[in-house]
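*Asks:* This is the structure I have questions about; it appears just below.
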Amino acid sequence: MPNNQFMHPRNIYRTPPAFKELSIKYPEFNKYASTGLNGKIVFDFKNQEGLRLLTTILLKKDFDLDVDLPVGRLVPTIPLRLNYLLWIEDLFNLNYDNTKKIKGIDIGTGSSCIYPLLAAKKFHWSMVGTDINKEAIKNAIKNVEKNNLQNLIQVLEVSEWERLLPVAVDEHYDFCMCNPPFHSYSNLNSSDDEANNSIGITSEMYTIGGEVDFVKKMIKESEILQNSISIYTTMVGYKASLDPLKNELKAIGACSVAEAGFYQGRNARWGIAWTFQSDIKLKDFLPNKEFQKEKLKLRPPVSFKIPETYDSITALTKLSELLTSLKLSAAILKSKSDENVLYQADIQAYENTWTHQRRKRRMEKRLADSKRQKTNDNCLHIESDEEKVDQHLETTVNAKRLFSATLVLRKTDNSIFLDMLHLDGNRNNSYQVFQFFKNRFI
């Protein structure tokens, strides 16, 4: 299942691109798209040329960026890059007001120079992009110039054997970011989707020791630079890389560490941030975990207005009858603070008594008739009230609870309403009971 729901809340691609509109506005797009039986446009994401075209179209349409993506180089997925940048923006929002001018470094900017371009165009940040490849530097500069962003973006060539972070003694940057080569040379046959969908040169996707060793080098440099960069960040392609990197950061005495999850389509990446400044606040961004928490939160109660033929007394009487007929366990909750609450109780159901009502009434009548026929007055055992209560309690304790909910009968502006808030168990069962109440009141 696609992970669009886990994208950053401000990511415009939470709503997928309208391929039908793209096919009309950009005729060249149709070469890599087809129409399904349901009439929807289907795009071939595994086609390298098609993916390159789609990326350039989205950059132009959504950000007014004219970007050249050379053949044989990594094709950047825009939703992922935007997720990363938006998380960094979140970190700035925790620490600065929106008037602060932000300056950052992108380690390994690549031929597309995608992060600096997006950062400058969307957020108006000043950026320095670095790379070790001469051809990548040349194309990155070309993309900067094509978009007239030389005033915000500087592209630097660095040596593979020198520092990853070219920060002078008297320089300060607000952040650095990195999309490192994820894979080790020992894993050249990677199953990574982005790698499969992009040809990419070797240095863009592979490095000695993989991403962990690469980022550890970055961490060692940060230990020397300390507050020269306020917030250090990097992306990683393997979730398993997070723990060894966090252990490394703990060992060098980073003041604060945060992590992020970047979800887009069927792919996932992770981010890690750290700082040596005690006054800098960092925050995790883990939308998959937040989603699970949201699922546990209570949904708003369902409610309906009881017909005006009922007054407070008759509505309460009717509700009591319905609760009895459904054999629902009810623990009455007294509301001293609200005089408009006519009745409030936590209800629980241990058997389904609300579906097929007519059939059940017929069956109960047949069973009752059958019992009367078999009754022998000499052997008749009459149960005491205490025995009946004990049997009911035993049934309730042993039975599996189907659902629990809070039921409120209230009066508001001369109208009476019945509210029902699902607490736990099968939500469909509680809604069926709510609908049962609603139908019986009409």
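*Asks:* Can you pull the accessible area of Tyr26 for me, 1.4 Å probe, Å² to the nearest 10?
*Replies:* Surface accessible to solvent at Tyr26 totals approximately 40 Å².
*Asks:* Follow-up. Please state the shape class of region 1-91: rounded when a/c is under 1.5, otherwise prolate if a/b exceeds b/c and oblate if not, all from the C-alpha gyration tensor. Walk me through the numbers before you get to the answer.
*Replies:* On the way: a/c = 1.88, a/b = 1.33, b/c = 1.42.
It is oblate, given that a/c is not under 1.5 and a/b is not larger than b/c.
*Asks:* Further question on the same structure: Subtracting the Cα-Cα distance from 0.36 nm times the residue separation, let me have the gained length for Ile224 to Asp66 in nm, one decimal. Spell out each step's value before the answer.
*Replies:* Numbers: separation 158, 0.36 × 158 = 56.88 nm, distance 3.78 nm.
My answer for the length gained is 53.1 nm.
*Asks:* Looking at the square roots a ≥ b ≥ c of the eigenvalues of the Cα gyration tensor of region 49-148, which shape do they give, rounded for a/c under 1.5, prolate if a/b is larger than b/c, or oblate?
*Replies:* Details: a/c = 1.96, a/b = 1.53, b/c = 1.29.
Taking the square roots of the gyration eigenvalues as a ≥ b ≥ c, region 49-148 is prolate.
*Asks:* Please compute the net charge surrounding Leu53, taking Lys and Arg as +1 and Asp and Glu as -1 over other residues with Cβ under 14 Å from its Cβ. Mind dumping the intermediate values first?
*Replies:* Working: positive: Lys25, Lys31, Lys46, Arg52, Lys60, Lys61; negative: Glu28, Asp44, Glu49, Asp66, Asp68.
Within the 14 Å Cβ shell, the charges total +1.
*Asks:* Could you work out how much longer the chain between Lys283 and Glu145 gets when fully extended? Use 0.36 nm per residue separation minus the Cα distance between them, nm to one decimal.
*Replies:* On the way: separation 138, 0.36 × 138 = 49.68 nm, distance 3.50 nm.
The Lys283-Glu145 span can extend by a further 46.2 nm.
*Asks:* Given R₀ = 56 Å, what would the calculated FRET efficiency be for Val341 paired with Lys122, taking r from the Cβ atoms and rounding to 0.05?
*Replies:* Values: r = 50 Å, r/R0 = 0.90.
Calculated transfer efficiency: 0.65.
*Asks:* Label-point separation (nm) for Lys305 and Lys246, each offset 7 Å from Cα along Cα-to-Cβ?
*Replies:* 5.2
*Asks:* Is the C-alpha gyration tensor of region 43-104 telling us rounded, prolate or oblate? Criteria: a/c under 1.5 is rounded; beyond that, a/b larger than b/c is prolate, otherwise oblate. Walk me through the numbers on the way to the answer.
*Replies:* Values: a/c = 2.86, a/b = 2.47, b/c = 1.15.
Verdict is prolate for region 43-104.
The values are calculated or read from the model by the stated rules, or taken from the named source; none is laboratory data. Quick caveat: nothing in here was measured; it's all calculated off a predicted structure. Ideal geometry is used to build each Cβ from the backbone, glycine not excepted, and the neighbour counts take in all protein chains shown. Note: areas computed on protein heavy atoms with side chains; ligands, DNA, RNA excluded. Shrake-Rupley method; radii C 1.70, N 1.55, O 1.52, S 1.80 Å.
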